[in-house]
1. Could you let me know the centre-to-centre spacing of segment 171-195 and segment 321-377, using Cα atoms, in angstrom?
2. Given 4 °C and 1.567 mPa s, how large is the Stokes-Einstein diffusion coefficient of segment 268-344 in µm²/s, with Rh as the Kirkwood radius over Cα pairs?
3. Under a Cβ-Cβ cut-off of 10 Å, what is the net charge of the residues other than Asp513 that fall near it, where Lys and Arg count +1 and Asp and Glu count -1?
4. Roughly speaking, what is the centre-to-centre gap between segment 398-473 and segment 482-509 when only Cα atoms are used, to the nearest Å?
5. Quick one: grab the alpha carbon gyration tensor of segment 62-173, order the square roots of its eigenvalues as a ≥ b ≥ c, and give me rounded if a/c is under 1.5, else prolate or oblate depending on whether a/b is larger than b/c.
6. Which one, Ala367, Leu342, Phe401, is farthest towards the positive end of the dipole of segment 277-426 when Lys and Arg carry +1 and Asp and Glu -1 on their Cβ?
7. Under the rule of at least 5 residues apart or a separate chain, name every residue whose amide H is placed under 5 Å from the amide H of Leu381.
8. Would you work out the charge dipole size for segment 1-141 about its Cα centre, treating the Cβ of every Lys and Arg as +1 and the Cβ of every Asp and Glu as -1, and quote it to the nearest 20 debye?
Amino acid sequence: MTTGLTGRRWIVLEEKNKTPDFLVEKYGHVLAQLIYNRKELFNNNFDEDTIYPSLKKLLDPQLFKDLDTISFKLADLIKKRKRIAIYGDYDADGVTSTALLVNFFRDIGVDVRYYIPSRFYEGYGLNKTAIRKISQVADVLIVVDSGTNAYDELLYARKLGLDVFVLDHHEPSDSYKKTEDILILNPKLYKDINPLFKHLASVGISFYLLIMLRKLLQFEIKLKPYLDIVAIGTVADVVPLSLINRIFVKKGAQEINKRKRPGIKALLESISLDNVSSFEIGFNIAPRLNAAGRLDDAKKAVKLLITRNESIGKALSEELEFLNRKRQKLTEHTFKETQNRLKKEKNINSIVVADEKWHPGIVGIVAGRLVEKYKVPAVVLSIKNGRAVGSARSTPSINLFEIMEKHSYLFERFGGHSQAAGLTIPTKNISEFKNLLSKAVAQLSGEETQSFLEVDMEVPLSYWNVENVKQLKILEPFGEGNPSPLFVARGLRISDFVTVGQTNQHLKFWLKDMEKNAFSALWWNYADKIKELSVGMFVDIVYTPKISSWNGQTNIDFIIKDIAVADMR
C-alpha cells in the first residue's frame, strides 16, 4: 500500500470493489467504477432514477418520527395567529434554518421575527437573557440548530409562557432530559428511525417541517424555490450527501442558479459566479455567510437571505465580501502562528493551542486546517478574561466528542459531533485537557489513528479530455459522503516545479508520462514538501481533474491531493 508525502496511506477502491460488467457496459469503465464505489450512497440501486436525484425520491415525512406531532401543534398555533420567534445560531446552518423559516412564515402571513446570539457576547446556544426578551414580543419560540441539550433554558422559556419547539441535529448528551412540554425534533434522539433522517442538517429538518405545515394549513405555495437556502445550509454544515441531502443540494443548486432571491443574486454577482454547484456553495457562498457570524453579526447573513430589496441585497453582499476577506487574512496569520508553535513539539498525536490574540471567529477554520495538515485532532482556543472559547476538529477515525464527554468536568460548556465540537474552558484547565487528549489518542491502536486517503481508481492523465471530465458531473453534488472523484496516475517524471501563490504556499508541477505526454498540475498548500522532491524524480500522484477556461480556451487542470515517490525499478 502506497504512503504519500502527506503521511496518508492510499486505499485504491477499485482493487477491492471491482465493478460488475453490466455497469461497465452501461456507463463505461471509469464512470461505472465511480458509481460502484458509491454503492452505499445509491443503496445498491444503479438505475438512472437513483443516480439522478429527483424530488419524487424524498422520504415520506410520515416516516420522520415526531414530525407529525410537532407539525400539528405548530399548525394549530399558527391558525390561532400566535406570534413566532425563531432563535437561530451564528453558523451557516443556523443562519439558513432561520432564513428558511422566516421566509416561509412571512410568505403565509405569520407574524414572525428572529434572534441570532452574538458569538462574542453570548456564545453558542440558548441564553436566558435573550429568552426573556423574546417572551415579551412572541408567543412561540422555535429554536433551530441548537437546543437539544439546553434543558434549563428551554424550561425557563416554558415558565415564561412560551410554546417551545426545537429543530436540531446535534448529538444528545448523556445528561439529555426530555419533558412533555417541550417538543424537540431531532432524528438523533431515536434509534428506530430511518438513518437517512439522521444525516439532515437543521435546515433540512426545517424543510421537512414546511412540507407538513403546508399540508396541514392547506396553503397553495410551492416549496421548491426554498431549496436554494436548504442547499446552502446542507453543504455548509458538511453533512453526508446521502439520498435526501443529495436531492436537496442538486435541486437547490438549480434554484440558486435561477437567481430569484435578491440577496443570493447580489452575492453571486459580487463574486462573479456564473454557474453554481455544490463546490461553489462550499467554497464561495458558505464562507461569506459564515464570515458575518465569525467576525461581526450573523444577522447580516440572515438579512441577505430574506431581503426582497435588490439594493439592500447588494449592500449586504458587499459587506459580507469585506468580512470574508478580513476572515481570510486573520485565518492565514493564525494558521502560521500555530504552525510555528508546533515546530517545537515532537511526536504530535493531537493539538491543543491557545492565545489571547487569536480571533474567536476563525479558530474553527484554523483547527480544520491543522487536522488537514497534521492528520491529528486539533483544538484551537481564543483566550479572554481567564476563559478560552474555541473549536475542536478531528480525523474520521477519532471520536473527539466522546473523549471530551469523558472529561466534561474540564469544560464550562461544549457540544457538537464526533469530528467537530465547540467548547468553553477555563484557562487553568487547558494544560490538563491537552495532556488528557494526548493520552486518549495514544491509547488508540495504530490502525485507529492511521490516516487514509481513499482513491477511486487508477486512471492515466492522458485519459482526460473535456468530454470525459464533464461525465463526472453525473455524480454531483459532491461533498461529505460523496467526495469528488480521486484518481491515481503512476510513473510520472517531474520536468520542473515552482512555488506559486501570494505567499508561495502552493506547488506547480510540469510532468511527463512514460509516453512523453506533458501535463501541468497544482498541489495546494503543500509548498513545505519542496525539499522532498526534485527535478527528474519519478512520482505517483493522487489527483482530480477540473475544467478551466481562460482567454476563450478550455483546458484540463489536474489538482494534486498527494504525491508519493515512485519505485521505478
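1. Result: 34 Å between the Cα centres.
2. Numbers: Rh = 13.7 Å.
Rounded to a whole number, D works out at 95 µm²/s.
3. Details: positive: Arg490, Arg493, Lys512, Lys516; negative: Glu515.
Computed value for this residue: +3.
4. Cα centres, segment 398-473 to segment 482-509: 24 Å.
5. On the way: a/c = 1.33, a/b = 1.21, b/c = 1.10.
Note, shape of segment 62-173 comes out rounded.
6. Farthest towards the positive pole: Leu342.
7. Amide H neighbours of Leu381, under 5 Å, 5+ apart: Val353, Ala354, Asp355.
8. Working: 22 positive and 19 negative charges, 161 e Å.
Roughly 780 debye for segment 1-141.
The values are calculated or read from the model by the stated rules, or taken from the named source; none is laboratory data. Here the structure is a predicted model, which means the values were calculated and not measured. Every residue, glycine as well, gets a Cβ built from its backbone with ideal geometry; the counts of neighbours run over all protein chains shown. Accessible surface is based on the protein model in full, side chains and every heavy atom, while ligands, DNA and RNA are left aside. Shrake-Rupley method; radii C 1.70, N 1.55, O 1.52, S 1.80 Å.
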